[in-house]
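Down below is the structure, laid out as structure tokens.
The values are calculated or read from the model by the stated rules, or taken from the named source; none is laboratory data. All figures in this text were calculated on a predicted structure; none of them were measured in a lab. Here the Cβ is made from the backbone with ideal geometry for all residues, glycine too, and neighbour counts use every protein chain on show.
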Amino acid sequence: MEAKNVYIPYQMKIEKVTYEAPQIKTFKLKFINPEDEAKFSFKAGQFGLYSVFGEGESTFCIASSPTRKGYIECTFREVGRVTTALANCEEGDTIGFRGPYGNTFPMESWFGKNLIFITGGIALPPLRCVIWNALDWRDKFKDIIVIYGARTAEDLVYKHELAEWESRSDIDLIQTVDPGGETPDWKGEVGFVPAILEKNPPSSENTIAIVCGPPIMIKLTLPILMKLGFPNESIFTTLENRMKCGVGKCGHCMVGNNYVCKDGPVYRYDELLKLPLEY
Amino acid sequence: MQELHNKIKSILENGSASLFIAYQKSREGKITPTFITKPEQSQKAYFGDDCKQNLAVYIHKQEVKNFGKVGIFANIYTLKSLLQIYAENQIRDDYLKVVTINPNGAIVEFANFMEIENYVNENKPAPNPEDMERVEKLSNLSREERWDYWLNELSTCIKCYACRAACPMCYCTKCTVDCNQPQWISTPSHSLGNIEWHIMRAMHLAGRCVECNECARVCPMDIPLNLLTVKLNDTANIEFGQQAGLKGELDYALSTFKVDDKENFIR
Amino acid sequence: MNYKTLNTNKLPEFFEKIKKTGKTVLAPRKKGNKTFFATFDSFDQINFDYVQTALSPKSVLFPRVEELFTYKNDDGTYSVKEPELKNEVVVFGMRPCDGVALDYLCDFFLNENPDKLLQDRKNNTTFISLACKSFDNDCFCTSVGSSPAETLGSDLCFTDMGNGSYYVEVVTDKGQKLVDAFPDLFADTKEINKVEQLAQVPVRFELKNLVPKIPTVFETNIWLDQSLACIGCGACAYVCPTCSCFDVQDECNPKAGTRLRCWDSCAFGQFTLHASGHNPREVQSNRWRNRVMHKFNYSVQNMNTISCVGCGRCIRVCPAGMSIIEHLISVEEA
């Protein structure tokens, strides 16, 4: 196979910057070179490495749906050198993007089933991609439920889209904030995501659960899904280990013999159980 | 050796430490640290002139701290390191049980750091004449020649950070080189990044280095890193009358401010 | 395979002639008590009295720091330039175990998602191994399926036959090309039994027992016991001929910059540290376990081979005197 230098990023123009929550922004990105755009395609669950030239690369998912062509979106929290540099970028600026990398959610195998998305905080972006993908293929799935929580009402991301999902009849959205995180006009639930799941128990019958969130949320959510009768094979999650290359070489993301960047980031729970707890 | 074994045994038995760090000769014939938790393992401990590693480095290690109270067999440099670490408020007096072997071959157990202070001042190791000679030689070079010498040496550094890891005085939980907002030090091991790294490390050790020479001993590239800190120590001694590892109380020029400082820039 | 002989006193001429073709020749040179691959001006700078070089020849294919690309920034418009790797190199004097390591390294970097930089460097490099006449206590190639007679991964393999000539095994086309370039230096010969000339390295553990055993002790205290002495530096990984982990770093001024990759090690706490502060391999024993598991289990699962060649460098370099031989034996005995 003829090798090419995979570290050369696509150049992307920041078309739109959306403020989502404190320190969280969404970029809408367009390919500067139309040839790059023409040969680019991805599937739900995949990620990329976004870079500010001179500052470095940072890994996050593609948060827009593959059904929406011509652009990609990413949502990130300002936590380190690169994400801070990204956050300082403005509309019209050029950034780098490499990808798509990693495996995908097997959405085709979910046709005819109910989907329940359970997520918290900044972990909605990877599922937002899947949710919009499912909504764009709405007739392929039965019920779609989203349980989404954040520390406070202010910390919820995609507030405008949450409002849209609230108003749609083909998706059930349950929003929750941690106790004390509600505003006076808060209409959603108050409580941690696992408790809200328990309070609104979905049927495990013919249902796929997609769980994505901070480790503690996942840890407390899984036993509830077990109790509700979800088999391990019906539960999906994503891992987010540190990554530097995206192509299974740099070694940073390894969990056992798995390179999360190419064998993941999407894991079915029964597959995840085979890996050492190094994520 | 029997006396040492008995001492370790009694320390573990009487509960003054639940882990004792000493040297051993491994199955492969290497001198390695051994971590003794059971009194009956005490005979693993070994001591000889070939025991070079500075064992003080282990008292910073989380998995060692997990054992609770720790006993440690210390050569003179380990003693100096422990005293300097104590002076820098990184260990409590009641956390460590320190044992050494004095020049007469007798086992000495220290009740507290005051005793260690007295001991190291009575048994100060002489500076290594070979190192002094090399430092002297470098000092006599012109600035350009000296720069070329260090550029040549440091350009071979592979940034494995063995110097940092082996140094008991490099105990920061997050090293400057690992801070990237801003990126103070260039992390790649090109010449510039290497020079930045070693100058930064040497400066952070000026007047704190106990001259155990571990940094040079462990360097896979055989860079004589100790010459940098030895020279800076010398300067700290001349300028501020300071010597590391001889006092249980912090008196550190580079973190001290005096209103009547003779330099203008500091006001 | 083709077989040749070369008079040992023709070696200086061989190197001079290679250099005249514009290639760089790297050979073992002494610095202090250690031997490193380096360029040389005269033949007498080459050191032939070494068991093993301190650093492996992996840096020829996978340098400790290398440019992924450079870019120019013209008011927010970026032009990116890929490095062009043209320099041709001949490495002389690596040990046969290093050949095995290079074979692994190339397999790892080039089979799936092939790495262009490593590929280019490989195409430009000819590796000549010099079979071992001596060994030390830290050598264990014969315990991990190799031996001083191994030719895998070398382009040419030289054996000093003790009679004033090198027996030259021509392993690859690249090796053949180098030999063919200087026909007056090399004479044809038949296959010779070279084993008598080589070091007899003892077998220290049974790999076929060890490999299935290692995953079964994953959850035990053995890793903590072994790694309490580990001070968490990256020396073992950096001298290892098969360790391939790296970091990616940017450096720039306002007008231009470079994206670099540089060696990294799973022994560093920062290696797996998440931005959130969560660390999947929280303590040193987890990191040590990962290193051993990678070499003797993950590589087997992913590439059907262990990724340790028994060169012994990690043992010789360890500041704390840790020995992988000892640790593997203790796993075998567990």
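Could you list, in sequence order, all residues of the range C:31-44 that are exposed (fewer than 15 other Cβ atoms within 10 Å of the Cβ) and either without any contact (Cβ under 8 Å) to a residue 24 or more places away in the chain or over 24 Å from C:Val179 (Cβ atoms) (or both)?
The answer is C:Gly32, C:Asn33, C:Thr39, C:Asp41, C:Ser42, C:Asp44.
So which residues in the range A:32-54 are within 18 Å of C:Ser79 (Cβ to Cβ) and within 14 Å of chain C (Cβ to nearest Cβ), if there are any at all?
Of everything in the range A:32-54, those that are within 18 Å of C:Ser79 (Cβ to Cβ) and within 14 Å of chain C (Cβ to nearest Cβ) turn out to be A:Ile32, A:Asn33, A:Asp36, A:Ser51, A:Val52, A:Phe53, A:Gly54.
Just to be sure I understand, how many residues within the range C:25-44 are closer than 23 Å to C:Glu13 by Cβ and part of a loop (DSSP other than H, G, I, E, B)?
4
Quick one: in the range B:175-203, which of the residues that are among the charged types (D, E, K, R) and more than 18 Å from the chain's Cα centre (by Cα) is nearest to C:Asp247 (Cα to Cα)?
My answer is B:Asp178.
Taking the range A:9-31 only, how many residues are touching a Phe, Trp or Tyr at 6+ places or on another chain (Cβ under 9 Å) and without any contact (Cβ under 8 Å) to a residue 24 or more places away in the chain?
The number of residues fulfilling the criteria is 2.
Any chance you could count how many residues in the range A:78-106 are at the interface with chain C (Cβ under 9 Å from one of its Cβ atoms) and modelled with pLDDT of 95 or more?
6
Give, as residue ranges, the helices (runs of 4 or more DSSP H) completely inside the range B:1-87 that count at least 2 residues that are under 17 Å from the mean Cα position of the chain (by Cα) and crowded, with 19+ Cβ neighbours inside 10 Å.
B:76-87
Quick one: how many residues across the range C:227-239 are out of contact with any Ser or Thr (no Cβ under 7 Å at 6 or more places or on another chain) and either outside any helix (DSSP H, G or I) or more than 8 Å from every other protein chain (Cβ to nearest Cβ) (or both)?
Number of matching residues: 6.
Which of the following residues is more than 9 Å from chain C (Cβ to nearest Cβ) and modelled with pLDDT of 95 or more: B:Ile21, B:Ile72?
B:Ile72 is the lone residue from the list that is more than 9 Å from chain C (Cβ to nearest Cβ) and modelled with pLDDT of 95 or more.
The conditions are (1) touching a residue at least 60 places away in the same chain (Cβ under 8 Å); (2) within 14 Å of another protein chain (Cβ to nearest Cβ), and A:Ser58 fails exactly one of them. Which is it?
Failed condition: (1).
Select from the range C:33-61 the residues that are of a type outside the set (Asp, Glu) and more than 17 Å from C:Val239 (Cα to Cα) and list them in ascending order.
C:Thr39, C:Phe40, C:Ser42, C:Phe43, C:Gln45, C:Ile46, C:Asn47, C:Phe48
Condition first: farther than 21 Å from B:Gln53 by Cβ and either surrounded by 15 or more Cβ atoms within 10 Å (Cβ to Cβ) or in contact (Cβ under 8 Å) with a residue 40 or more places away in the chain (or both). Can you find one or more residues in the range B:221-233 that meet it?
Yes; the residues of the range B:221-233 include at least one that is farther than 21 Å from B:Gln53 by Cβ and either surrounded by 15 or more Cβ atoms within 10 Å (Cβ to Cβ) or in contact (Cβ under 8 Å) with a residue 40 or more places away in the chain (or both).
Report the residue count in the range A:107-144 for those that are over 22 Å from A:Ile24 (Cβ atoms) and either within 14 Å of another protein chain (Cβ to nearest Cβ) or without any contact (Cβ under 8 Å) to a residue 24 or more places away in the chain (or both).
The total comes to 3.
Quick one: count up the residues across the range B:110-168 that are surrounded by 15 or more Cβ atoms within 10 Å (Cβ to Cβ), more than 15 Å from B:Pro224 (Cα to Cα) and more than 14 Å from chain C (Cβ to nearest Cβ).
Residues that pass the stated criteria total 7.
Residues in the range A:40-61: is at least one among the charged types (D, E, K, R) and farther than 22 Å from C:Asp247 by Cβ?
The answer is yes; a qualifying residue exists.
With (1) surrounded by 21 or more Cβ atoms within 10 Å (Cβ to Cβ); (2) aliphatic (A, V, I, L, M); (3) closer than 30 Å to C:Glu150 by Cβ as the list, and C:Leu207 as the residue in question, which single condition is left unmet?
(1)
Could you say whether any residue in the range B:136-153 is over 29 Å from B:Gly241 (Cα atoms) and either among the β-branched types (Val, Ile, Thr) or in contact with a Cys (Cβ under 8 Å, 6 or more places away or on another chain) (or both)?
No: the range B:136-153 contains no residue that is over 29 Å from B:Gly241 (Cα atoms) and either among the β-branched types (Val, Ile, Thr) or in contact with a Cys (Cβ under 8 Å, 6 or more places away or on another chain) (or both).
Being in contact with a Phe, Trp or Tyr (Cβ under 9 Å, 6 or more places away or on another chain) and surrounded by 15 or more Cβ atoms within 10 Å (Cβ to Cβ) is the filter here; which residues of the range C:11-29 pass it?
The answer is C:Leu11, C:Glu13, C:Phe14, C:Phe15, C:Lys17, C:Ile18, C:Val25, C:Leu26, C:Ala27, C:Pro28, C:Arg29.
Condition (residue is surrounded by 14 or more Cβ atoms within 10 Å (Cβ to Cβ), out of contact with any Asp or Glu (no Cβ under 8 Å at 6 or more places or on another chain) and either within 12 Å of chain C (Cβ to nearest Cβ) or assigned to a helix (DSSP H, G or I) (or both)) applied to the range B:255-267: is it met by at least one residue?
no
What about C:Asn209, is it of a type outside the set (D, E, K, R), in a helix (DSSP H, G or I) and within 9 Å of chain A (Cβ to nearest Cβ)?
no
Regarding C:Glu13, is this residue within 14 Å of chain A (Cβ to nearest Cβ) and touching a residue at least 60 places away in the same chain (Cβ under 8 Å)?
Criteria not met by C:Glu13.
Go through the range C:45-138 and tell me which strands (runs of 3 or more DSSP E), entirely inside it, have 1 or more residues that are at the interface with chain A (Cβ under 10 Å from one of its Cβ atoms) and surrounded by 18 or more Cβ atoms within 10 Å (Cβ to Cβ).
C:65-74, C:77-81
If I ask for residues that are over 14 Å from the mean Cα position of the chain (by Cα), part of a strand (DSSP E or B) and over 17 Å from A:Pro202 (Cα atoms), which ones from the range A:117-153 would you list?
A:Ala150
Would you call C:Asp250 within 12 Å of chain A (Cβ to nearest Cβ), in contact with a Gly (Cβ under 6 Å, 6 or more places away or on another chain) and under 25 Å from B:Cys157 (Cα atoms)?
In short, yes.
Between C:Pro254, C:Pro202, C:Pro215, which is touching a residue at least 24 places away in the same chain (Cβ under 8 Å), part of a helix (DSSP H, G or I) and farther than 30 Å from C:Ile18 by Cβ?
That would be C:Pro215, the only listed residue that is touching a residue at least 24 places away in the same chain (Cβ under 8 Å), part of a helix (DSSP H, G or I) and farther than 30 Å from C:Ile18 by Cβ.
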